[in-house]
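So the structure is just underneath, and the comments pick up after that.
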Amino acid sequence: MTSLKLDKAYDPAQVERRWYAYWEEQGLFVADPASPKPAYSIVIPPPNVTGQLHMGHALNNTMQDILCRYKRMAGYEVLWMPGTDHAGIATQNVVERQLAAEGQSRHDLGREKFIERVWEWRAEYGGKIINQLKRLGASCDWSRERFTMDQGLSRAVREVFVRLYEEGLIYQGDYIINWCPRCHTALSDLESEHEEVKGGLYYIRYPFKSANGYLVVATTRPETLLGDTAVAVNPDDPRYAELPEDTVLLPLLGRELPIIRDAYVSTEFGTGALKITPAHDPNDFLIGQKHNLPSIRVLDDSGRVNAEGGPYAGLDRFEARKVMLEDLEAQGLLERQEDYLHSVGHCYRCKTLVEPILSKQWFVKVGPLAAEALKAVQEGRTKIVPVQWEKTYFEWMTNIRDWCVSRQIWWGHRIPAWYCACGQVIVSRTTPQACPACGGRELTQETDVLDTWFSSALWPFSTMGWPQDTPELKKFYPTSCLVTGFDILFFWVARMMMMGIKFMGRVPFTDVYIHALVRDAQGQKMSKSKGNVIDPLTVMDDFGTDAFRFTLAAFAAQGRDIKMSQERIAGYRNFVNKIWNAARFTLMNLEEAIPEGAAAEPLLEERWVLSRLRRVAAEVARAIEEYRFNDAANAVYQFVWHEFCDWYLELSKGPLYDRGDPARQAASRRVLGEAFSRVLRLLHPFMPFISEELWQRLPGTQGSIMTAPWPSGDASEDDPAAEADLELVMAVISAVRNIRGEMGISPGQEVPLALTPHEEAARQVLAAQAGRIQSLAKTGPLAWAPEGAPPAKAAGAALARVTVFVPLEGLVDFAAEEARLDKELAKLEREIAPSVQKLANQGFLAKAPAEVVEKERAKVAEAQDKMARLRQNLARIQSFR
RNA sequence: AGGCACGUAGCUCAGGGGGAGAGCGCCACCCUGACACGGUGGAGGUCCCGGGUUCAAAUCCCGGCGUGCCUACCA
């Protein structure tokens, strides 16, 4: 045990450093699949290896840590499975940038060398975020840390791919996909983020082949006209019912284009004539297929016009647009242009404008998988919290489209498909030696890798050793809860649902808790470009990790974004300091050995604090279990500061300082130690560091606080009578303090006190607690004023069970007291006005539940009682003027 | 275009049919032997607007206004 002496203020930096290493050394984070305890498991949303801890991570992992630490204390065998994600495009970008700084490209290195280079990068920098999570206090089982590219997970990926392929749920095909010309890869629909862009709507004339005149077509992407293979109109459009001929000439290139008729074309938009570019637009592609049109791809992988573009070949897509518009204008073919606001896809990694391009890719046929994932939530096998997200989930799962999983990058799981010269495609778990069709041995492996989210989708079971049948899977799958932000509900959660059900036969988690986004104090999304990011590491430096975590928990109300600002964290830093000082007080009193002695009858405040602790522990537990982290944090805050510190510690000073009764003192010291130990345990899930530090210093504790039981207390400690009695005492003390404050009597000045209890029970309680009242309200010896005979010249306060008098002679002027009483009366009047009105309402008396009516009556009666006493006092005061 | 949230104290928000709450900030007094990152007391609100349901609406319903977000291939 370390010394009991504490510094006056808490220094988090010094304390935090100590305990994380201790927990790890003691193996307290390690989950035992053989444990007889019930299982509780969470898989971490794996941060990108390229990641730096940001507010989102901090919130997300704080919540998981609160759940895990609480569950351990509550008697569960907890597995919090950690790891990182290989983040294909992001990581490749980072390493490519590094190469660029050396004047190289990945192509200079070649695929193998490049991948080696990425692994080197990961070895050097990849662990950064893990250390940052440790800094946050995350109690993950690091002995099981996984990486989506490690061997085990790669095996799972290959297994899943092959099985899906064998079942026809993965196929290869030519479709329009989203292409990022900067990353040089296909993207899934989700990875193309739609953003509003100011563009133009250009009206272009397509001259008839031989007849005079032209068809006017409206487009937002004039450069794609190079790939047009038809112009379409609606068959029912009267404007085009009779055309001079059914062929037009493509402007600039002069190619002949058929005019086709298709109901898809809207008669409302533009001119009702639509240019068809099957290789660069998903709808045009479908129309092209239907009408057997050729597809001409006119942009290369970098977004430059290719050879098909004739005179424009080699121009960048934006440059080409500009030049072509000039040429059209010059040729009199640009009829007009309008400003046009529309939303277009951007690469979610690099924000480059995405280009729809026809290309051969691998797809997952998600329909059947989604149907099961949808059903699982509908049937409640997985519960989404808060429920409103279920609707979003349902909508997406219902309208889901096939998932393009191939990426033309190098860093990732290479697709286990091989091509034979004979045209055979072989998909296999192991590298095939010969073509099963022709026996040829010249096989080349697919160069594409899989979407990173493909491997993340397997995370809940691949991390536990699947496809092997492991004890971990048996004990910890399905996981208990997934904690994540809504931004990856589709990317990740939905896909884990599909894969988990498909390959494990059971949902991957029973609860999904969707939390909010952390924004800045103005409610703006934090982003580097806006420069409004608050770095969690800096916050932890400035305020301490515990204060930061507590702030996150306290602000994490369901369904609302969190606006983070320094001042709020400072408030909770003060709370941490308050706890530190409560510990100073406690430890000072426990410094000397507590003498053995006969158990003393517990004091009122002791019965009260244990009763309250039990209630609060239950309240906090329930809130955590229902993911109401803010309620949990606020309950702890309110109790620790405003009940434990403000009242219990203050009240306990009496017996603790009283050397005249050693047995009594010893008993109070024991209760103090016990109560404080429970406070620390209540705090531990939120504030792991300071709670451990103080736990270790608290006499009588053993081992880490992590292994201490949740302070549920014992039913025998429930003591509503103590709670009610102490409330009476507190009310009397508050009343005296109020008079003091309002009357401008200095805090140091002792005042006389007289009480008129209205019932015997109250009199007994107050008599027993007279000493406490005297010291906390700073009054002279308690006097009793008989009912109906109040002390002369006294300020008074009317409570339900007692009237409080502070005889004022020589202390204050009566005008002030008159004003104070008037104010009090007015306040009571205001308070009961609505009730009085209700009681005058026949409808209320007839229809409202009896107990509600009774409550209103009691409320009014009590207030009127108080008011009568106050008026009496007012009259007396006035009589002295 | 559809969908989903949210408008409550100066600020940030909790609450959710029967007594308007918290934190921070503000005012006054106080370095009382845990704590000035503190103590005690206090001020401060048409619960966005308009209708409706109800004995009773900040709360439920409808309609506005405002804000934010998500989804979407009408060029």
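The values are calculated or read from the model by the stated rules, or taken from the named source; none is laboratory data. Worth saying up front: this structure is predicted, and the values here are computed from it rather than measured. Cβ: placed from backbone, ideal geometry, glycine included. Neighbour counts: every protein chain shown. Ligands, DNA and RNA are stripped out before the accessible areas are found, and what is left, the full protein with its side chains, is counted by its heavy atoms. Shrake-Rupley method; radii C 1.70, N 1.55, O 1.52, S 1.80 Å.
Things to note:
- Listed by position, the helices (runs of 4 or more DSSP H) enclosed by the range A:366-469 that each have at least 1 residues that are within 16 Å of RNA strand B (Cβ to nearest atom) and of a type outside the set (Phe, Trp, Tyr) are A:367-378, A:388-398.
- Some residue of the range A:613-631 being at positive phi and within 12 Å of RNA strand B (Cβ to nearest atom): yes
- Filter result for residue A:87 (open to solvent by less than 20 Å² (accessible area, probe 1.4 Å) and not β-branched (Val, Ile, Thr)): yes
- Against the test of being outside the structural domain of residue A:804 (by TED's automatic domain parsing), among the hydrophobic types (A, V, I, L, M, F, W, C) and modelled with pLDDT of 90 or more, the options A:762, A:731, A:708 yield a single qualifying residue, A:708.
- For residue A:1, the conditions (1) within 16 Å of RNA strand B (Cβ to nearest atom); (2) at pLDDT below 85 all hold with the exception of (1).
- Test result for residue A:806, in the same structural domain as residue A:744 (by TED's automatic domain parsing), open to solvent by less than 80 Å² (accessible area, probe 1.4 Å), modelled with pLDDT of 90 or more and β-branched (Val, Ile, Thr): yes
- Matching option when the condition is assigned to a helix (DSSP H, G or I), at pLDDT below 90 and among the acidic types (Asp, Glu), among A:308, A:335, A:326: A:308
- Candidates A:154, A:105, A:143 - the one that is under 30 Å from residue A:708 (Cβ atoms), open to solvent by 10 Å² or more (accessible area, probe 1.4 Å) and over 25 Å from the mean Cα position of the chain (by Cα): A:143
- Looking across the range A:338-365, just one residue is of a type in the set (Lys, Arg), surrounded by fewer than 19 Cβ atoms within 10 Å (Cβ to Cβ) and modelled with pLDDT under 90, and that is A:351.
- Those strands (runs of 3 or more DSSP E) of the range A:220-284 in which 1 or more residues are of a type in the set (Val, Ile, Thr), within 11 Å of RNA strand B (Cβ to nearest atom) and open to solvent by less than 40 Å² (accessible area, probe 1.4 Å) occupy A:230-233, A:273-276.
- Residue in the range A:36-48 that is of a type in the set (A, V, I, L, M), part of a loop (DSSP other than H, G, I, E, B) and surrounded by 14 or more Cβ atoms within 10 Å (Cβ to Cβ) present: yes
- Among residues of the range A:155-178, those that are within 25 Å of residue A:298 (Cα to Cα) and either touching a Ser or Thr at 6+ places or on another chain (Cβ under 7 Å) or away from RNA strand B (no atom under 16 Å from the Cβ) (or both), counted: 5
- Taken over the range A:463-495, the criterion of being crowded, with 22+ Cβ neighbours inside 10 Å, over 13 Å from residue A:512 (Cα atoms) and of a type in the set (Ser, Thr, Tyr) is satisfied by A:463, A:477.
- The residue pairs whose first member lies in the range A:825-847 and is over 23 Å from residue A:796 (Cβ atoms) and in a helix (DSSP H, G or I), whose second member is more than 8 Å from RNA strand B (Cβ to nearest atom) and charged (D, E, K, R), and whose beta carbons are closer than 8 Å, counting only pairs six or more residues apart or on different chains, are A:839/A:857.
- Selection of the range A:285-297 for residues being under 44 Å from the mean Cα position of the chain (by Cα), part of a loop (DSSP other than H, G, I, E, B) and buried (at least 21 other Cβ atoms within 10 Å of the Cβ) yields an empty set.
- When the helices (runs of 4 or more DSSP H) confined to the range A:85-147 are screened for residues that are at positive phi, none reaches at least 3 such residues.
Conditions tested, residue by residue: (1) over 21 Å from residue A:133 (Cα atoms); (2) more than 16 Å from RNA strand B (Cβ to nearest atom); (3) modelled with pLDDT of 90 or more.
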{"position": "A:474", "(1), (2), (3)": "yes, yes, yes"}
{"position": "A:483", "(1), (2), (3)": "no, yes, yes"}
{"position": "A:513", "(1), (2), (3)": "no, no, yes"}
{"position": "A:516", "(1), (2), (3)": "no, no, no"}
{"position": "A:522", "(1), (2), (3)": "yes, no, no"}
{"position": "A:535", "(1), (2), (3)": "no, yes, no"}
{"position": "A:549", "(1), (2), (3)": "no, no, yes"}
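- Residues within the range A:4-28 that are modelled with pLDDT of 85 or more, open to solvent by less than 40 Å² (accessible area, probe 1.4 Å) and within 15 Å of RNA strand B (Cβ to nearest atom), tallied: 4
- Residue match in the range A:192-214 (condition: under 22 Å from residue A:450 (Cβ atoms), within 12 Å of RNA strand B (Cβ to nearest atom) and surrounded by 19 or more Cβ atoms within 10 Å (Cβ to Cβ)): yes
- Pick from the range A:551-583, criterion assigned to a helix (DSSP H, G or I) and in contact with a strand residue (DSSP E or B) (Cβ under 8 Å, 6 or more places away or on another chain), ranking: farthest from RNA strand B (Cβ to nearest atom): A:552
- Filtering A:862, A:829 for residues that are open to solvent by 40 Å² or more (accessible area, probe 1.4 Å), closer than 24 Å to residue A:765 by Cβ and acidic (Asp, Glu) leaves a single hit, A:862.
- Flag not set for residue A:667, criterion: within 12 Å of RNA strand B (Cβ to nearest atom) and surrounded by 18 or more Cβ atoms within 10 Å (Cβ to Cβ).
- In the range A:158-172, the residues that are open to solvent by 10 Å² or more (accessible area, probe 1.4 Å) and part of a strand (DSSP E or B): A:171, A:172
- Of all residues making up the range A:379-421, the number that are surrounded by fewer than 17 Cβ atoms within 10 Å (Cβ to Cβ) and more than 28 Å from residue A:512 (Cα to Cα): 3
- Any hit, the range A:803-816, residues being more than 28 Å from residue A:723 (Cα to Cα), touching a helix residue (DSSP H, G or I) at 6+ places or on another chain (Cβ under 8 Å), aromatic (Phe, Trp, Tyr) and within 8 Å of RNA strand B (Cβ to nearest atom): no
- Single unsatisfied condition, residue A:95 versus (1) open to solvent by less than 20 Å² (accessible area, probe 1.4 Å); (2) modelled with pLDDT of 95 or more: (2)
- Qualifying residue in the range A:771-779 (condition: of a type in the set (A, V, I, L, M, F, W, C), more than 16 Å from RNA strand B (Cβ to nearest atom) and open to solvent by less than 30 Å² (accessible area, probe 1.4 Å)): no
- The condition (being touching a residue at least 40 places away in the same chain (Cβ under 8 Å) and small (Gly, Ala, Ser)) is satisfied by just one residue among A:731, A:724: A:731.
- Failed item, numbered, when residue A:129 is tested on (1) closer than 30 Å to residue A:536 by Cβ; (2) open to solvent by 40 Å² or more (accessible area, probe 1.4 Å): (2)
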